[in-house]
Amino acid sequence: MSIHEQPLTRRAALVVPAGGVLALSACGGDSGGSGESTSSSAGSGDAAAAGGVSVPTADVPVGGGVVQDRVVVTQPTEGEFKAFDATCPHQGCAVAKVESGTITCPCHGSTFDASTGDVTGGPAQKGLTAKEATVDGDTVTVA
């Protein structure tokens, strides 16, 4: 029986002819798995059109935060808002939740300080990238 007569297996699908190119995508899609503390699309208006994210301040709990469009917005203390890129520096998964002052990546369990983005538990070796958060009335906008 030739390869053309056998059912296609995963191993056979990875065979690449000489000079061919093989492209594989890594794990860690945009969703970040289950357990997102809050995912809000409300209030995204002008900031989303400009490549930013807007979140109602009421949606960001004190000591917690929200993950939206690969951005984490936190409120470490009443009225203080911080923002970080939601991409975990370990392997690129999106962090999924913010609870009790800690941002958590669901892929390998890395944790980050919600007020600084600093890594508090590995396997990540560096913290989340800070972003600029601006409060205007009842909305936090992240550029």
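Taking interchain pairs and intrachain pairs at least six residues apart, which have beta carbon atoms under 7 angstrom, with the first residue in the range 113-134 and without any contact (Cβ under 8 Å) to a residue 60 or more places away in the chain and the second among the acidic types (Asp, Glu)?
Partner pairs satisfying both residue conditions: 120/113; 127/118; 128/85; 129/85.
For the range 76-96, which positions are open to solvent by 60 Å² or more (accessible area, probe 1.4 Å) and modelled with pLDDT of 90 or more? It would help to see each step written out before you state the result.
Initially, the range 76-96 is screened for residues open to solvent by 60 Å² or more (accessible area, probe 1.4 Å), giving 77-78, 80, 82, 90-91.
Passing the criteria: 77, 78, 80, 82.
Kindly evaluate residue 102 against the criterion of being touching a Phe, Trp or Tyr at 6+ places or on another chain (Cβ under 9 Å) and without any contact (Cβ under 8 Å) to a residue 24 or more places away in the chain. Spell out how you get there, then give the answer.
Working: touching a Phe, Trp or Tyr at 6+ places or on another chain (Cβ under 9 Å): yes; without any contact (Cβ under 8 Å) to a residue 24 or more places away in the chain: yes.
It is true that residue 102 is touching a Phe, Trp or Tyr at 6+ places or on another chain (Cβ under 9 Å) and without any contact (Cβ under 8 Å) to a residue 24 or more places away in the chain.
So which residues in the range 103-120 are open to solvent by less than 60 Å² (accessible area, probe 1.4 Å) and at pLDDT 90 or above, if there are any at all?
Residues satisfying the conditions are 103, 105, 110, 111, 112, 113, 114, 115, 117, 119.
The values are calculated or read from the model by the stated rules, or taken from the named source; none is laboratory data. All values reported here derive from a predicted model rather than from experimental measurement. We place every Cβ from the backbone using ideal geometry, glycine too, and count neighbours over all the protein chains shown. We work out accessible area using only protein heavy atoms, side chains counted, and drop any ligands, DNA or RNA first. Shrake-Rupley method; radii C 1.70, N 1.55, O 1.52, S 1.80 Å.
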